[in-house]
1. In the range 118-149, how many are small (Gly, Ala, Ser) and within 16 Å of THR85 (Cβ to Cβ)?
2. Restricting to the range 17-31, name every residue that is under 15 Å from the mean Cα position of the chain (by Cα) and open to solvent by 40 Å² or more (accessible area, probe 1.4 Å).
3. Answer yes or no as to whether SER118 is part of a strand (DSSP E or B), free of Cβ contacts under 8 Å to residues at least 12 places away in the same chain and either touching a Ser or Thr at 6+ places or on another chain (Cβ under 8 Å) or within 16 Å of GLN45 (Cα to Cα) (or both).
4. Inspect all residues belonging to the range 68-86 and state whether any of them is within 18 Å of GLN37 (Cα to Cα) and charged (D, E, K, R).
5. Please count how many residues of the range 8-31 are assigned to a loop (DSSP other than H, G, I, E, B) and at pLDDT 85 or above.
6. Among (1) polar (S, T, N, Q); (2) in a strand (DSSP E or B); (3) modelled with pLDDT of 85 or more, where does SER93 come up short?
7. Checking LEU141 against (1) in contact with a Lys or Arg (Cβ under 8 Å, 6 or more places away or on another chain); (2) modelled with pLDDT of 95 or more; (3) open to solvent by less than 50 Å² (accessible area, probe 1.4 Å), which test does it fail?
8. Does VAL126 fit the bill of being open to solvent by less than 40 Å² (accessible area, probe 1.4 Å), at pLDDT below 75, more than 30 Å from ASN63 (Cα to Cα) and of a type outside the set (Asp, Glu)?
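The values are calculated or read from the model by the stated rules, or taken from the named source; none is laboratory data. Values in this document were obtained by computation on a predicted structure and should not be read as measured data. Using ideal geometry, Cβ is built from the backbone for each residue, glycine included, and neighbour counts are taken over all protein chains shown. With ligands, DNA and RNA removed, areas are computed over all heavy atoms of the protein, side chains included. Shrake-Rupley method; radii C 1.70, N 1.55, O 1.52, S 1.80 Å.
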Amino acid sequence: MEKKTMEEDSFHLKPRKWLEDVSHGRYGQEIEILTLQGLHVVTAQKGSIRCTFFVPKTLVDRNGNWHTGAMATLMDHIGAAAVATTMGHFKVSVNYDISCFSTVKAEEEVEIEGKVLSHKGKLSSVLVEVKRKDSGEMVALGKQWMAYIDDPMKANKNFPVTRHAWLNAHL
């Protein structure tokens, strides 16, 4: 049996704390804080993270539905956190596909789960599902490829590196 190091055993703690910090306004850019405000991390373990979220009135479109841009931002963060539970570092999305099956109204509660599917070199594949909490009905399904960037500041000076900056500040 392979013995885990203490660091490997705690990989799931850093992404959990990062999501909690952003959702409580302690870290992140304004758009992230607004989009994740009220997110509750239920479980975080190696390869997956599950959360619940009440859709606030501030994140709905003119028809009263959860704005798809806000949903996509939240799903991207859950995907990044899921990958970080396995790797110990965050990655950035390089390919992102979302299928929406239903709308969600303000004040409805959803469950969001991110699951790592595979790793290949610096790339990781992750699946993010959004379901209604009361019925389990699928709302949206996101598939992402995420890449590790050794030094995001060198990759692009204008790139918002909040995931990397948070992790570096909390190591």
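1. Filtering the range 118-149 for residues small (Gly, Ala, Ser) gives 118, 121, 124-125, 135-136, 140, 142, 147.
Right, trim to within 16 Å of THR85 (Cβ to Cβ) and you get 118, 124-125.
Result for the range 118-149: 3.
2. Taking the range 17-31 and keeping what is under 15 Å from the mean Cα position of the chain (by Cα), we get 17-24, 27-29, 31.
LYS17, GLU20, HIS24, TYR27, GLN29, ILE31, listed by residue number.
3. On the way: part of a strand (DSSP E or B): yes; free of Cβ contacts under 8 Å to residues at least 12 places away in the same chain: yes; either touching a Ser or Thr at 6+ places or on another chain (Cβ under 8 Å) or within 16 Å of GLN45 (Cα to Cα) (or both): yes.
Yes.
4. Taking the range 68-86 and keeping what is within 18 Å of GLN37 (Cα to Cα), we get 68-81.
Next, from what is left, pick out any that are charged (D, E, K, R): 76.
Yes, that holds for at least one residue.
5. Step one: list which residues in the range 8-31 are assigned to a loop (DSSP other than H, G, I, E, B), which gives 10-12, 24-29.
Then keep just the ones that are at pLDDT 85 or above; that gives 24-26.
Of the residues in the range 8-31, 3 are assigned to a loop (DSSP other than H, G, I, E, B) and at pLDDT 85 or above.
6. Every listed condition holds for SER93 apart from (3).
7. So LEU141 meets the others, but not (1).
8. Details: open to solvent by less than 40 Å² (accessible area, probe 1.4 Å): yes; at pLDDT below 75: no; more than 30 Å from ASN63 (Cα to Cα): yes; of a type outside the set (Asp, Glu): yes.
Against the criterion (open to solvent by less than 40 Å² (accessible area, probe 1.4 Å), at pLDDT below 75, more than 30 Å from ASN63 (Cα to Cα) and of a type outside the set (Asp, Glu)), VAL126 does not qualify.
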